[in-house]
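The values are calculated or read from the model by the stated rules, or taken from the named source; none is laboratory data. Being a predicted model, the structure only gives us computed values, none of them experimental. Positions of Cβ are generated from backbone atoms using ideal geometry, with glycine treated the same way; all protein chains shown enter the neighbour counts. When the accessible area is computed, the model is the full protein with side chains, heavy atoms only, and any ligands, DNA or RNA have been set aside. Shrake-Rupley method; radii C 1.70, N 1.55, O 1.52, S 1.80 Å.
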Amino acid sequence: MPRCRRACVSFPIGLLLFCGLFLPDRLLPQPRFVEAADTAGLSGFHLTSGDSRKRYIVEANSAGVCVLDYDSDGRPDLYFVNGGSLEDFQKSKPSNLRHALFRNWGGRRFEETTEKAGAGGNGHWGMGCSVTDYDADGFPDLYVTAYGPNQLLRNRGDGSFEDVTEQAGVNDSRWSTGSAWADVDLDGDLDLFVANYIELDPSNLPQPGSPAYGSMGRAGLGCRYLGLPVMCGPRGLQGAGDSFFLNRGDGAFDERSASSGLSDPEAYYGLGAVFADLDDDGLPDLFVANDSTPNLLYRNLGNAAFEEVGLLSGTAFNGHGVEQAGMGVAVGDFLNSGRLSLYVTHFSEEYNTLYRNEGGLNFSDVTTRAGLDRPTLPFVGWGTLFLDFDNDGRLDIFAANGHVFPGVDRLQQPSVGPYRQRSLLFRNLGNGRFQEQSDLLRPANEQSSRGAAAADFDGDGALDLALNNIDSGPTLFWNRPVEGNRYLRIRLAGSGGNRLALGARVRVRAGDLLQMREAHSGGSYLSQSELTLHFGMGAHAQADSVEVRWPGGGTSTLKEVEAGREITIRQPAGTATRRPGAP
């Protein structure tokens with residue numbers, strides 16, 4: 001082994017990849033992720049979503065994962081949503097399955113506290129979650145979507161939660177999927193959007209292979225996929241409209257789906273949802289990834305009113321004018337241009353799509369020129385993230401994958417991929433292109449994954465990954481930091497009714513490196529990453545300036561901020577003002 005190390009010093013650079021196989025970890029020039037969910041204490045959770053045959057579509061889509069510091073100890077905790085029992089579902093009764101809350105004790109150790117916290121859910125088929133502080137008491141709350149009814153869990157501040165769904169008026173008994181929060185009218189409190197999927201009757205489920213219904217992906221006639229009889233849907237099944245709830249500021253909400261323009265009268269198959277200021281006008285817009293139907297992009301007009309501009313913006317279809325099986329969505333400024341772009345995951349034989357923000361709510365499909373089309377074709381993509389995994393100052397891309405048809409393993413077709421699939425990691429090369437580096441995820445840990453979230457769980461300045469996997473335990477990838485690359489983490493503390501500062505935009509300048517992040521709710525696949533904003537700083541020892549644009553107006557600026565730490569920036573008093581004309 002020592003002989004190989006010395007020989008590598010004189011080898012051409014192109015051969016270092018080969019010798020790298022024999023170098024110890026401390027000498028490898030790149031970071032790597034190490035999977036260690038069991039040793040971290042997460043082995044007690046198992047995502048159940050029907051049975052192993054996956055005969056019905058409700059079994060295929062669970063479930064998300066959320067990051068929140070529920071006990072306010074400064075360490076990000078984890079909340080895994082569970083699915084349901086097919087037998088209970090068909091009888092329309094709650095199951096004994098429970099979601100799982102894990103407290104982060106530090107030292108890469110988690111402890112399940114679900115029962116003590118009262119966070120196990122209501123027994124209905126869980127789908128996703130999002131993090132909020134709807135009552136502005138300083139403690140993060142949880143909204144959990146399901147094949148109805150949904151649940152709003154209020155954080156009491158003593159390590160426990162209470163179900164306040166009915167009191168708050170935010171129940172949606174349909175098949176709900178993605179949820180997201182934002183102060184859409186800039187009146188100082190947080191409002192809620194809920195995407196819905198299919199109007200499905202548990203007592204009358206279409207049988208696998210049925211010729212009377214459409215099919216998922218490229219299944220041909222009836223419910224078949226490449227000749228296999230498979231679950232039916234979503235095509236051929238009745239879609240469900242979406243919901244919007246306006247915060248009254250007194251702990252309750254008004255249902256404003258139709259008047260806001262967010263009801264989705266076409267009843268598309270909604271999955272991923274995220275609020276983000278895509279046109280940089282200070283108002284949070286909304287993007288909804290729809291399965292096998294056009295995506296929706298809603299421009300915020302102010303005063304809780306939206307205009308749907310998906311087709312005009314170029315995000316309803318891919319660059320070939322084709323609707324895709326929209327699953328998850330990531331938002332980020334991958335070019336460091338000051339504009340937020342979109343990345344959407346899809347079904348196999350459909351490439352995941354990178355929509356570059358050209359400004360003015362105009363987007364271009366740049367997937368092919370970015371080198372991201374062919375590597376994703378065999379995969380069914382779900383949770384997805386923009387994250388700077390190597391702290392070089394450029395946002396990379398992560399996608400969790402897993403097929404929906406267990407029978408694909410019998411096909412053995414490279415163009416389709418197996419049922420359990422590896423995740424994908426793409427490094428941003430800084431020139432608009434990406435390079436796949438999925439081999440940095442060790443082991444590959446092939447699963448049928450769904451939700452994905454990122455956070456610095458161990459406080460070492462590198463973003464780790466948590467995945468929720470169907471019929472399995474979770475995945476937790478610890479990220480080993482890159483030596484020499486620094487970071488800066490910014491925790492925002494808003495004032496008024498938006499204590500999480502959702503919608504705040506932060507710009508960090510270090511020499512010629514200018515980055516922008518935004519605090520937003522939703523995204524990935526029915527999941528929520530940590531709300532602390534993470535900036536890779538490369539070799540820069542400090543940020544020359546940090547500027548925060550607060551939602552509703554006002555800015556804060558810091559100069560010469562040392563890298564390699566986490567700081568908290570508080571919104572100055574008096575800047576969280578009600579927008580003129582807000583209801």
Take segment 291-315 and flag every residue that is under 19 Å from the mean Cα position of the chain (by Cα) and among the hydrophobic types (A, V, I, L, M, F, W, C). Leu296, Leu297
Hits in segment 158-178 - residues which are more than 16 Å from Leu192 (Cα to Cα) and free of Cβ contacts under 8 Å to residues at least 40 places away in the same chain: Asp158
Residues of segment 32-53 satisfying the condition of being within 21 Å of Gln207 (Cβ to Cβ) and either open to solvent by less than 10 Å² (accessible area, probe 1.4 Å) or in contact with a His (Cβ under 7 Å, 6 or more places away or on another chain) (or both): Ser49
Here the residues within segment 345-366 that are open to solvent by 10 Å² or more (accessible area, probe 1.4 Å), among the small types (Gly, Ala, Ser) and either assigned to a loop (DSSP other than H, G, I, E, B) or closer than 19 Å to Gly328 by Cβ (or both) are Gly360
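Return the only residue of Leu533, Leu476 being out of contact with any Gly (no Cβ under 6 Å at 6 or more places or on another chain) and within 30 Å of Tyr197 (Cβ to Cβ).
Numbers: Leu533 fails: within 30 Å of Tyr197 (Cβ to Cβ).
So the residue among Leu533, Leu476 that is out of contact with any Gly (no Cβ under 6 Å at 6 or more places or on another chain) and within 30 Å of Tyr197 (Cβ to Cβ) is Leu476.
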Counting only residues that are within 19 Å of the chain's Cα centre (by Cα) and not small (Gly, Ala, Ser), how many does segment 34-87 have? 15
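Just the residues that are within 20 Å of Ala146 (Cβ to Cβ) and in a loop (DSSP other than H, G, I, E, B), please, taken from segment 265-282.
Filtering segment 265-282 down to residues within 20 Å of Ala146 (Cβ to Cβ) leaves 267-274.
Correct list: Ala267, Tyr268, Tyr269.
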Within segment 85-101, the count of residues that are free of Cβ contacts under 8 Å to residues at least 40 places away in the same chain, over 15 Å from Ala146 (Cα atoms) and open to solvent by 70 Å² or more (accessible area, probe 1.4 Å) comes to 1
Please verify whether segment 155-169 includes one or more residues that are touching a Cys at 6+ places or on another chain (Cβ under 9 Å), assigned to a loop (DSSP other than H, G, I, E, B) and either farther than 20 Å from Gln90 by Cβ or open to solvent by 50 Å² or more (accessible area, probe 1.4 Å) (or both). no
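Out of the residues in segment 115-142 that are of a type in the set (Ser, Thr, Tyr) and open to solvent by less than 10 Å² (accessible area, probe 1.4 Å), which is farthest from Ser449 (Cα to Cα)?
Taking segment 115-142 as the starting set, the residues that turn out to be of a type in the set (Ser, Thr, Tyr) are 130, 132, 134.
Subsequent filtering for residues that are open to solvent by less than 10 Å² (accessible area, probe 1.4 Å) retains 130, 132.
On the way: Ser130: 18, Thr132: 25 Å.
Selected residue: Thr132.
Whether any residue in segment 188-209 is among the acidic types (Asp, Glu), within 23 Å of Ala316 (Cα to Cα) and surrounded by 23 or more Cβ atoms within 10 Å (Cβ to Cβ) is what I want to check. Lay out the reasoning, then the answer.
Filtering segment 188-209 down to residues among the acidic types (Asp, Glu) leaves 189, 191, 199, 201.
When the remaining residues are screened for being within 23 Å of Ala316 (Cα to Cα), the result is 199.
From what's left, surrounded by 23 or more Cβ atoms within 10 Å (Cβ to Cβ): none.
No.
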Kindly establish whether Val366 is closer than 25 Å to Val230 by Cβ, out of contact with any Asp or Glu (no Cβ under 7 Å at 6 or more places or on another chain) and β-branched (Val, Ile, Thr). no
Go through (1) of a type outside the set (Asp, Glu); (2) surrounded by 18 or more Cβ atoms within 10 Å (Cβ to Cβ); (3) free of Cβ contacts under 8 Å to residues at least 40 places away in the same chain for Leu387 and report which single condition fails. (3)
Using beta carbons and a limit of 6 Å, which pairs, at least six apart or on different chains, have the first residue in segment 356-369 and over 13 Å from Tyr343 (Cβ atoms) and modelled with pLDDT under 95 and the second one among the polar types (S, T, N, Q) and surrounded by fewer than 20 Cβ atoms within 10 Å (Cβ to Cβ)? none
Positions within segment 490-508 being in a strand (DSSP E or B), closer than 23 Å to Asp458 by Cα and either open to solvent by 10 Å² or more (accessible area, probe 1.4 Å) or of a type in the set (Asp, Glu) (or both), in sequence order: Arg491, Leu492, Ala493
Which condition breaks for Val548 when tested against (1) closer than 23 Å to Asp285 by Cβ; (2) open to solvent by 30 Å² or more (accessible area, probe 1.4 Å); (3) touching a strand residue (DSSP E or B) at 6+ places or on another chain (Cβ under 6 Å)? (2)
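Within segment 414-421, identify whether any single residue is in contact (Cβ under 8 Å) with a residue 40 or more places away in the chain, in a loop (DSSP other than H, G, I, E, B) and under 25 Å from Leu526 (Cα atoms), and answer yes or no.
Of the residues in segment 414-421, the ones in contact (Cβ under 8 Å) with a residue 40 or more places away in the chain are 415-417, 421.
The next check asks that each one be in a loop (DSSP other than H, G, I, E, B); those that pass are 415-417.
Pick out the ones that are also under 25 Å from Leu526 (Cα atoms) and you get 416-417.
Yes, segment 414-421 contains at least one residue that is in contact (Cβ under 8 Å) with a residue 40 or more places away in the chain, in a loop (DSSP other than H, G, I, E, B) and under 25 Å from Leu526 (Cα atoms).
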Quick count over segment 455-477, residues being open to solvent by 10 Å² or more (accessible area, probe 1.4 Å) and closer than 30 Å to Pro406 by Cβ, is 4
Looking only at segment 422-439, decide whether some residue is within 30 Å of Gly574 (Cα to Cα), of a type in the set (Lys, Arg) and not in a loop (DSSP other than H, G, I, E, B). no
Report yes if some residue within segment 66-89 is outside any loop (DSSP other than H, G, I, E, B), touching a Leu at 6+ places or on another chain (Cβ under 6 Å), modelled with pLDDT under 95 and hydrophobic (A, V, I, L, M, F, W, C); otherwise report no. no
Between Ala325, Ala276, Ala252, which is over 22 Å from the mean Cα position of the chain (by Cα) and touching a residue at least 24 places away in the same chain (Cβ under 8 Å)? Ala252
